[in-house]
Amino acid sequence: MVAFSEATLEPMAAKFALPQSELPAELARPEITFKGIGARRADDLGESGDPNVRYVLKWDVLPANYDRRRSGPLPPPATLRVVKLVCDTTPGAQTE
């Protein structure tokens, strides 16, 4: 994804989403143990000021219910987490 200046329409920064396999496995696992619950995330769209840092929001959620009332027990409230991801740029650093 590329961001453009509203004033000049010149490219300001290039953003590329990391492939799912390059994200920490913890971001794909829900923290709550409850039938049907899954983990969701939203990638950072802004600038951190450091090209090796980006942020991800992560939370647990039930599947879509299309505004219908759910029956049965509900899960406990989920925690919305801001996760800071730092790219290791040291020579010889390996990624998982």
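The values are calculated or read from the model by the stated rules, or taken from the named source; none is laboratory data. The model shown is predicted, which means the values in this text are computed figures rather than measured ones. Backbone-built Cβ (ideal geometry, glycine too); neighbour counts: all protein chains shown.
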**Q.** Cβ pairs under 7 Å, 6+ apart, first in the stretch 12-40 and surrounded by fewer than 11 Cβ atoms within 10 Å (Cβ to Cβ), second modelled with pLDDT under 95 and not in a loop (DSSP other than H, G, I, E, B)
**A.** 14/2
Q. When residues of the stretch 46-63 are filtered for being at pLDDT below 90, more than 10 Å from the chain's Cα centre (by Cα) and either closer than 15 Å to residue 30 by Cβ or of a type outside the set (Asp, Glu) (or both), how many remain?
A. 6
Q) For the stretch 1-45, which fully contained strands (runs of 3 or more DSSP E) count at least 1 residues that are among the charged types (D, E, K, R) and at pLDDT 90 or above? A) 38-43
Q: Identify the residue in the stretch 53-89 that is of a type in the set (Phe, Trp, Tyr) and free of Cβ contacts under 8 Å to residues at least 24 places away in the same chain and, among all such residues, is surrounded by the fewest Cβ atoms within 10 Å (Cβ to Cβ).
A: 66
